[in-house]
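Since the structure comes first, as structure tokens, the remarks are kept for the end.
The values are calculated or read from the model by the stated rules, or taken from the named source; none is laboratory data. Every value quoted in this text rests on a predicted model; they were computed, and no experiment measured them. Cβ atoms come from the backbone with ideal geometry, glycine included; neighbour counts cover every protein chain shown. The area values use the complete protein model at the heavy-atom level, side chains included, leaving out ligands, DNA and RNA. Shrake-Rupley method; radii C 1.70, N 1.55, O 1.52, S 1.80 Å.
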Amino acid sequence: MFDGLDAEAYDRSYSDIALARRIFRYLATQRRYVMMVVGTVLLISLADLVQPIVISQGVGALVDSPGLGLLIGMSILVLLASCAGWVANLVRRRASGRAVGNMVRDLRVDAFKAAIQRDMSFYDEFVSGKIVSRITSDTQDFAQVVVLVTDLLSQLIVLFVLIGILLSIEWRLTLILCGLSVLIFIAALAFRRAARYVSRQGSRVLANVNSNIQESVAGITVAKNFRQEKALYNTFDAINRQAYRINWWRGFVLATIFPVLNLLGGVGTGVLIYTGALTAQEGLISVGAWYLFVRSLQNFWDPLMNIASFWGQFQSGLAAAERIFALIDAEPVVVQTDNQTVGPLKGEITFEGVRFQYTSREVVLPGLDLHIRPGENVAFVGHTGAGKSSVAKLVARFYEFQGGRLLVDARDIRTLDLHEYRRQLGYVPQSPFLFSGTVLDNIRYARPEATDAEIEAIARQIGEGEWIEALPQGLHSNVGERGARLSMGQRQLVALVRVLVQQPAIFILDEATASIDPFTEAQIQ
């Protein structure tokens, strides 16, 4: 059932304490709302406690001196307590919703920021759909952790207040109650490991489902071309069934926690009622005090059950948080030794014995020596897999080389500020990617401050602008998702103009004219 759900290479295990510390850092940014939640929960609990206390005291007073005024007073007090609890609950829900929303937003921002800072080799090795699942689904599951943490803080306060009140009512029964509570906590902790395991597997299988859907939709053209819609569906169905089985077990484990704890709580209540009745019968406590103690038990069991089941229920959110923090903490492969200002580049590139390999068994460049002078045009020709694109990607600093030196203008590329360096680097791949929007939006992507007139002037330098006239609305034509509304040749032209607008010092064409007719290619050259 758990086949294919192995951890990613960058995954890591965090202790509950380590995860709790990081979660509390996010929680600390919402301390105002957290304090509102804690305060309102305390008010709600006090309002719930007022009712049995008023009734208990009123019963005793009515026995001594019955009267209508006393009954009316008791009713008003109970009504006011109920209204105060209702208002406090409304405020609690609003504050809790705001705190949860803000924290999920902050975590999602951190996860997305980490994802876009990962190296190109990271996306070569790991499936993008699973990464997307961590940023979307897992951050949403993280909300459960936030809710539980805010509840835990408030429930702890309520529990201590209740223990103080119960001690003032009857200290002997309270000691027995505390002893029974320890047994409930032990039972709750027994669920911890199982809950963490099934929750982690549930997150992984959801990532598989999201990844499969994304890949299927992206490759639907290929599937239809080869009439493989049935195979596409069968693959999804198998993954979806696995997700169903795992989430069934996940739900079973998490749903078992509360019934078991409630059963133990029921046994504890029975013990305390029996013990309290014997104590009242012997005259050690009054009947009113015994009633008040028994009536207050439910107010004690509710927060106790929430706290006792905390680690079991918490594991689902912790498993999601663990996957998100693993993405944030993933070690970069491309590491700069310095962050020096680049300045205007001349474009001199030197490879000195550069050794590069994608894996330990796949050596692409065993020791490349190459010198490209400023202003020089160099073409790389070779069979598939010879390393032509690898050389280009090393110059772009997309990958880390394992040996030798790569110099740009006689400076080690590892010492340069990558942001500044890449601003002067133009790279046009063989399969260009276009964002949803217009042709103009995609060209301006490299230099947002470029004017429409400037972009059109540069675009018309290629093929005398005939390719623009072929577009339904010229530069204002919508390219569709990934540029699907344009031909491959048109996409390459858009990608080329996008780089030309950038006015780079180093220009790299990675078979960027493969889908363009010979006449237009000659004009580009």
Exercise. Just list whichever of 113/224; 113/388; 224/388; 346/388 have alpha carbons separated by over 27 Å in the model shown.
Key: 113/224; 113/388; 224/388
Practice problem: Using R₀ = 60 Å, calculate the FRET efficiency as 1/(1 + (r/R₀)^6) where r is the Cβ-Cβ separation of residue 82 and residue 412; round to 0.05. | Solution: 0.25
Quiz item: Where does each of 390-403, 256-269 land if you order them by average Cβ count within 10 Å, highest first?
Solution: 390-403, 256-269
Quiz item: When the distances between all Cα atoms of region 166-265 are binned every 5 Å from zero, what whole-number percent does each bin get?
Solution: 2, 11, 14, 12, 11, 9, 8, 7, 6, 5, 4, 3, 3, 2, 1, 1
Self-check item: Per residue, in Å², the accessible surface of region 375-439 once ligands and nucleic acids are set aside, probe 1.4 Å
Solution: 48 Å²
Quiz prompt | Distance (nanometres) between label positions extended 7 Å along Cα→Cβ at residue 333 and residue 252 | solution = 4.1 nm
Practice problem: Taking every pair of alpha-carbon atoms in region 416-459, give the share separated by more than 12 Å as a whole percent. | Solution: 69 percent
Quiz item: In whole percent, how big is the carbon plus sulfur part of the accessible area of region 398-444, probe 1.4 Å, protein atoms only?
Solution: 51 percent
Quiz item: Taking the Cβ-Cβ separation of residue 275 and residue 241 as r and a Förster radius of 60 Å, what is the calculated FRET efficiency to the nearest 0.05?
Solution: 0.70
